[in-house]
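Please read the structure below before turning to the comments.
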Amino acid sequence: MPTSPALLTPRRLGELREVPGGEFVMGSDEHYPEERPAHVVAVPAFALETHPVTNAEFRRFVTATGHLTVAETPLAPADFPDLEPDQLVPGSLVFTPPPGPVPLDDWQRWWRWVPGADWRHPGGPGSTLDGLERHPVVHVGWEDALAYAAWAGRRLPTEAEWERAARGGAPPTVYAWGVEARPRGRAMANTWEGRFPWENTSPAGRTRTSPVGVYPANGYGLVDMIGNVWEWTSSPWTEDHGADPESDQVAHACCGGGPPAVSETDRRVMKGGSHLCAPTYCHRYRPPARQGHDVRSSTSHLGFRCAVDR
């Protein structure tokens, strides 16, 4: 039988950290166009999970509910009319580094659709979660993240909440921790080191996700807000911060009931960058950085964490 969230001990759900309410400068005028304009936003107090939802935590949810993720579901013929029937199989996008340098103008040179790739098999058929229990869960669509949050009695954070939390109470700066990417040579997050997308020279030998909490916590006690995996938010995607100033409030309100209806073309904001972010290609391992992602597209570098109202 499904397990009620009320019966779960705090250790069986991600630990929460308090994020005080208040005003902060959201966005940036210095980097990518979609981050503009920098503007003042007020966010009520809330709590956020210390780290992204892990494989072990997501497994407990699936065991309790029998949830089937987007990546485990065959593709709908109506949504993919150009595909042959034998191509409408479950699967997900897996980062597959090329053997050498390639032009950086086409992501398909390093991303591959892999039938059978899902949260249990992050590298595709034959791969397992052995040794990855404390790594962030990946290959989860937005609806999968919503389902987990509802089961846990929580919700997804809005983009504004997520960005305030990522700053850790510090004033605006280039990175969440200061103006230097590697202060005193120390890696502060799991991001790409070396020549993307074919050569990762991480001294720790990490070429994909890392266990949560390996890198320093920010001022609010939150880990992996930057790097490791991108994270879903509840906010609808806009081309910049001037397109829909009410988007955060709307997204926050919709998460109080059942999951909203979505289509293949719906996009939500993801935040934080991932282990694939590199200064030569994707300088998005910064609090104001943002990208839109199709709600039913899952990848090997996108996860989530949950929030709670206060």
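The values are calculated or read from the model by the stated rules, or taken from the named source; none is laboratory data. Everything numeric here is computed off the predicted structure, so don't read it as measured data. A quick note on method: Cβ atoms are made from the backbone with ideal geometry, for glycine too, and the neighbour counts reach across all protein chains shown. For the accessible areas, the whole protein counts, side chains as well, though only heavy atoms, and no ligand, DNA or RNA atoms are used. Shrake-Rupley method; radii C 1.70, N 1.55, O 1.52, S 1.80 Å.
List of remarks:
- The apolar share of the surface of region 10-309, taken as the fraction of accessible area on carbon and sulfur atoms (1.4 Å probe, ligands and nucleic acids excluded), comes to 54 percent.
- For region 85-193, averaging the sequence separation of C-alpha pairs within contact (under 8 Å, six or more residues apart) and dividing by the residue count gives a relative contact order of 15 percent.
- Ordering Val70, Pro81, Trp177 by the projection of their Cα atoms onto the charge dipole of region 45-188, which places +1 on the Cβ of Lys and Arg and -1 on the Cβ of Asp and Glu, puts Trp177 at the extreme positive end.
- Table column - 3J(HN,Hα) (Hz), region 108-116, Karplus curve with 6.51, -1.76, 1.60, x for Gly and Pro: 5, 6, 10, 10, 9, 6, 10, x, x
- 38 Å tail of the calculated P(r), the chain, as % of Cα pairs: 9 percent
- Residues in the chain average 45 Å² of solvent-accessible surface per residue, probe 1.4 Å, ligands and nucleic acids excluded.
- Value of [θ]222 nm, deg cm²/dmol, for the chain, DSSP H segments ≥ 4, -39500 (n - 2.57) each, nearest 500: -3500 deg cm²/dmol
- Per-pair calculated FRET efficiency, R0 = 22 Å: Trp113 and Thr73 via Cβ, rounded to 0.05: 0.90
- Computed from the C-beta positions of Glu180 and Ala42 and an R0 of 35 Å, the FRET efficiency is 0.70 to the nearest 0.05.
- For region 87-182, Kirkwood radius (reciprocal of mean inverse C-alpha pair distance, Å): 16.9 Å
- A Förster distance of 51 Å, applied to the separation of the beta-carbon atoms of Arg12 and Glu199, puts the FRET efficiency at 0.80.
- Accessible surface comparison of Tyr220, Tyr281, probe 1.4 Å, protein chains only, largest first: the order is Tyr281, Tyr220.
- For region 139-171 versus region 57-90, the gap between their alpha-carbon centres in whole angstrom: 22 Å
- The chain, relative contact order [Cα under 8 Å, separation at least 6], %: 25 percent
- Taking Cα centre as origin and charging only the Cβ of basic (Lys, Arg, +1) and acidic (Asp, Glu, -1) residues, the dipole magnitude of the chain rounds to 1280 debye.
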